[in-house]
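Accompanying notes for the structure given below.
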Amino acid sequence: MTISETPLKDCYIIDPVLFEDERGYFFEKFNERKFEELTGMNGHFVQDNISKSSYGVLRGLHLQKGAHAQAKLVSCLEGRVYDVAVDLRRESPTFGQWFGVELTAENKRQFYVPRGFGHGFSVLSETAVFAYKCDNFYNKESEGGVLWNDPELNINWQLPAEDVILSEKDKVQPTFASGNF
């Protein structure tokens, strides 16, 4: 696997080294030792989640706060998504900045989103199966978030606004300016 830095401090893109022949392909999806060696970040994960969504679904921007904060290693197993991370760490030099990357079943790319970041994705294909590896267990009371279309962040979700499908929770997330995420 190759690991590339993004413009956001501590966020990384992970691309596999693919071995293909007439039988198909093989790749190492994750190696904790290599990850920690190349990034200096903890690569120990304790929970895996999978979601399936249809075109236009936008999930985000979400985070877990406090002792239940989560780093995530995300990938798209089927279809195509636009994945976004927003640095919500007040002490970070990239606080308030966002970065997006297209994750597809074909490119097999992964995106590492550290603790303290808001995270979300939009589905660009007919359907998508999305995988999350988390380094901490989910805790409902620790949920936080930022409004998906926050005017200050101005995220381009790669979808026409009229195609966006949101949960009730995501329609009422606080704004970035409120600082209440």
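Listed values, structure above:
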item: Selected residue (only one of Leu73, Leu38 is touching a residue at least 24 places away in the same chain (Cβ under 8 Å), over 24 Å from Asn149 (Cβ atoms), in a strand (DSSP E or B) and not acidic (Asp, Glu)); result: Leu73
item: Within the stretch 39-77, tally of residues that are within 14 Å of Ala131 (Cα to Cα) and either within 14 Å of the chain's Cα centre (by Cα) or among the β-branched types (Val, Ile, Thr) (or both); result: 13
item: Test: residue in the stretch 169-179 that is among the β-branched types (Val, Ile, Thr), farther than 18 Å from Asn49 by Cβ, part of a loop (DSSP other than H, G, I, E, B) and free of Cβ contacts under 8 Å to residues at least 60 places away in the same chain; result: yes
item: First in the stretch 1-27 and farther than 21 Å from Tyr82 by Cβ, second anywhere and of a type in the set (Asp, Glu) and part of a loop (DSSP other than H, G, I, E, B), Cβ under 9 Å, 6 or more apart; result: Met1/Glu28; Val17/Glu28
item: Index of the failed condition, Thr175 passing every other in (1) surrounded by fewer than 18 Cβ atoms within 10 Å (Cβ to Cβ); (2) at positive phi; result: (2)
item: Filter result for Pro114 (in contact (Cβ under 8 Å) with a residue 40 or more places away in the chain, surrounded by fewer than 21 Cβ atoms within 10 Å (Cβ to Cβ) and either closer than 19 Å to Cys134 by Cα or touching a strand residue (DSSP E or B) at 6+ places or on another chain (Cβ under 9 Å) (or both)); result: no
item: Unique residue being over 22 Å from Gln47 (Cβ atoms), over 16 Å from the mean Cα position of the chain (by Cα) and not in a helix (DSSP H, G or I) when the list is Asn149, Asn156; result: Asn149
item: Unique match (being farther than 25 Å from Ala177 by Cβ and of a type outside the set (Asp, Glu)) among Tyr55, Tyr82; result: Tyr55
item: Tally of residues being assigned to a loop (DSSP other than H, G, I, E, B) and among the charged types (D, E, K, R) across the stretch 1-35; result: 6
item: Selected residue (criterion: farthest from Gln110 (Cα to Cα)) from residues of the stretch 130-166 that are out of contact with any Gly (no Cβ under 6 Å at 6 or more places or on another chain) and of a type in the set (Gly, Ala, Ser); result: Ala161
item: Of residues in the stretch 76-110 being of a type in the set (Ser, Thr, Tyr) and assigned to a strand (DSSP E or B), the one farthest from Thr175 (Cα to Cα); result: Thr104
item: Matching residues, the stretch 144-157, being in contact (Cβ under 8 Å) with a residue 40 or more places away in the chain and either farther than 24 Å from Tyr112 by Cα or loosely packed, with under 14 Cβ neighbours inside 10 Å (or both); result: Glu152, Asn156
item: Residue among Asn107, Asn136, Asn156 that is touching a helix residue (DSSP H, G or I) at 6+ places or on another chain (Cβ under 7 Å), within 27 Å of Thr2 (Cβ to Cβ) and modelled with pLDDT of 95 or more; result: Asn136
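The values are calculated or read from the model by the stated rules, or taken from the named source; none is laboratory data. Computed from a predicted structure; not experimentally measured. Cβ atoms come from the backbone with ideal geometry, glycine included; neighbour counts cover every protein chain shown.
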